[in-house]
Amino acid sequence: MNNILNLTSFKKDFLASIIVFLIAMPLAIGISIACGLPVYSGLVAAVIGGIVVGAFSGNSLQVSGPAAGLILIIVDIIATLGVDKLFLIIFVVGLMQIIFGLFSLGKWFRAISPAIIQGMLAGIGISIFLSQFHIMLDSKPQNTFFENIADLWLVIYNSVLPFDGSQHHHAAFIGILTIGCIILWNNIPNKKFKVIPAALVAVLLASFVAGIFHFDINYIQIGEKFWDSVKLISLSTFKYVLDFKILLSALIITFIASAETLLTSNAIDKMCERSKTDYNKEIIAQGIGNSLSGLVGGLPVTGVIVRSAANINADAQTRFSTIMHGIWIVLFVTFFPQILNYIPQASLAAILVYTGYKLVDVKAAKNLYGLSKGEFAIYMITLVAILVTNLFEGILVGFGAAIAKSVFKMLKVHITVEDSEEENKVVVKLKGNIIFLQLPQLIDIFENLPDDKDIYVCADRLHFMDHACVDFIQDWETAKKSTAKNNIEVDWSRIRRTYPNFKWRKFHKD
């Protein structure tokens, strides 16, 4: 019976691995090109993500590899620090992740506001869309969001009018063909066809059309021997390992990559009952993969939702499917690398344009708006900050906005005054947290209470009151009891719990 089950499981994993392989190949290549790196960097990261991370992963159904979400920060690091230091940073990222996992800090990477995550994904999506839109038209993307926006009209104009069969026109045709093919394939009613990934169908069709018509556009450039591209990190580069910029950049990638991985793990756990993530083990596995990827010139590795979802939808049973998809990539680039030279860069860029568009989840933004205007504000602040500055600074701004909102909520206080004419009594109800910032409001309310009525201050729903406010109410109570003829009663029992060692005045009988 066990042999039958194992054989059934093997067949399902085998098929799932092929499907994941077919999805992972064009994405890994496209992400490499988008980062301005050789195709090798993305493919070797996909291999490591499949074989190495897959073997040690804390989630047997999760697929790891290079992620589109890190393109912006990789491009920025290459521009400021250079390619060699990028791979050193990726190596350090791996070490950091291993340390965090060993100290059981994996769960803390999940402690991120969904509004920040959605804002980050939307900001990344828009940036990827704009930069890859240029590449899809065989043009060069600019360095900033505003420069890409300013250059967009000229790029589109050159690719549409006048239509003279130029390089830009052919690239635009291939890009539109790729996106159109993906959309049509995803909407085919027959589910049997959907076993074949839409991106693969689109790339094959685009490559076939470009080859038949001999379009003079940019294609992938790869040698006959793929593994000749292997370039181990230089030992001399390690002298920068303690450089502040290196460590800061590594910490940024560690944070983003780990958060993306664990959020993917969480999503997979919800998608499939068989999935149960060990988060600390997963972080350690990602760390092993990233340290190795950095050493051999690969891109950073994260858990990726598109490939993981495809793995689950293909009914994968064990980690064997993830490992095997990495082995398929190794076999393909070893024996058939020159086939990749027939793939137009415009087609791969078009896949990322479509990916960028999908990252801007309008439905999630609407849900945030309906849930809380404050959460939607955090989403928009994070999104705009990423577009205006960069990924790291944008996320910091988003965190700042989330913290400011939390502080505002925490310090929000409700002070109500209920005046009962029949009982000749006024009840002041204190709710929430009161600190010195609310003292002017407190003074205004207490000093305007009537002198001819009994006053009762109720604090049974008060969570906290700081020293300055306690001192004021004590002084107010003392002054009132010494001059007023009416009854003054303050419920100090709740407040005293906050300050057990406070020297309370003797006339407080409670």
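In table form, for the structure just shown:
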| read-out | value |
| --- | --- |
| The chain, relative contact order [Cα under 8 Å, separation at least 6], % | 27 |
| Length-normalised contact order of segment 413-496 in % [C-alpha pairs under 8 Å, at least 6 apart] | 31 |
| Kirkwood Rh, angstrom, segment 413-496 [1 / mean 1/r, Cα pairs] | 13.0 |
| Gained length - R274 relative to K245, 0.36 nm times residue gap less alpha-carbon distance | 6.3 nm |
| Out-of-range pairs (alpha-carbon distance over 31 Å; input K281/K366; K191/K373; K85/K373; K140/K191; K270/K373) | K281/K366; K191/K373; K85/K373; K140/K191 |
| Rough spin-label spacing in nm, given labels placed 7 Å along Cα→Cβ, for V427 and N341 | 8.6 |
| The chain - charge dipole about Cα centre, Lys and Arg +1 at Cβ, Asp and Glu -1, debye rounded to 20 | 1280 |
| Those aspartates and glutamates that a straight Cα-Cα span of less than 13 Å connects to K481, excepting residues fewer than 8 apart in one chain | D451, D452, D454, E489 |
| 14 Å beta-carbon shell around Q345, net charge (K/R +1, D/E -1) | -1 |
| R0 of 22 Å, Cβ-Cβ distance K412-N487: FRET efficiency to nearest 0.05 | 0.10 |
| Rounded tilt (10° steps) of 71-81 against the dominant C-alpha axis of the chain | 90 |
| Segment 330-455, relative contact order in percent, only Cα pairs under 8 angstrom and at least six apart counted | 13 |
| Exposed GluC sites (Glu not before Pro) absent: longest stretch of the chain, with sites in DSSP loops and at most 12 other Cβ within 10 Å deemed exposed | 1-223 |
| Helix 244-271 axis, angle to the chain major axis (alpha carbon atoms, nearest 10°) | 90 |
| Residue range of the chain that is longest and free of chymotrypsin sites (Phe, Trp or Tyr not before Pro) which are both DSSP loop and sparsely packed (at most 15 other C-beta within 10 Å) | 214-501 |
| Total formal charge among the other residues, if their Cβ is under 12 angstrom from that of T144, Lys/Arg +1 and Asp/Glu -1 | -3 |
| From phi via Karplus (6.51, -1.76, 1.60), per-residue ³J(HN,Hα) for segment 144-157 in Hz, x at Gly/Pro | 10, 4, 5, 5, 5, 5, 5, 8, 5, 4, 5, 5, 5, 4 |
| Charge-dipole axis of segment 37-403 as Lys and Arg at +1 and Asp and Glu at -1 on Cβ define it, positive-most pick from Y354, V209, V53 | V53 |
| Full-stretch length increase - Q221, F399 - with 0.36 nm per residue and alpha-carbon distance subtracted | 60.0 nm |
| Simple label model, 7 Å out from Cα along Cβ direction - E147 to H214, nm | 3.7 |
| Solution diffusion estimate, µm²/s, Stokes-Einstein, segment 37-403, Kirkwood Rh from C-alpha pairs, 20 °C, viscosity 1.002 mPa s | 101 |
| C-alpha center-to-center spacing [segment 2-81, segment 271-287] in angstrom | 16 |
| Angle between the chain longest axis and helix 83-102 axis [Cα atoms, degrees, rounded to 10] | 50 |
| Fraction of antiparallel bridges per DSSP, the chain only, in percent to nearest 5 | 50 |
| Amide hydrogen neighbours beyond the local backbone of I434, cut-off 5 Å, H modeled | F464, M465, D466 |
| Helix-derived mean residue ellipticity, 222 nm - over the chain, DSSP H n ≥ 4, -39500 (n - 2.57), to 500 | -20000 deg cm²/dmol |
| Amide N of segment 359-401 lying under 17 Å from the label point, which is placed 7 angstrom from the Cα of I435 along Cα→Cβ | 400-401 |
| Extension gain (nm, one decimal) between D228 and D466, 0.36 nm per residue minus Cα-Cα | 78.9 nm |
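None of the figures in this text is laboratory data; all of them are computed from the coordinates on show. Keep in mind that this is a model prediction, so the values were computed, not measured. Reconstructed Cβ throughout: ideal geometry from the backbone, glycine too, with neighbour counts over all protein chains shown.
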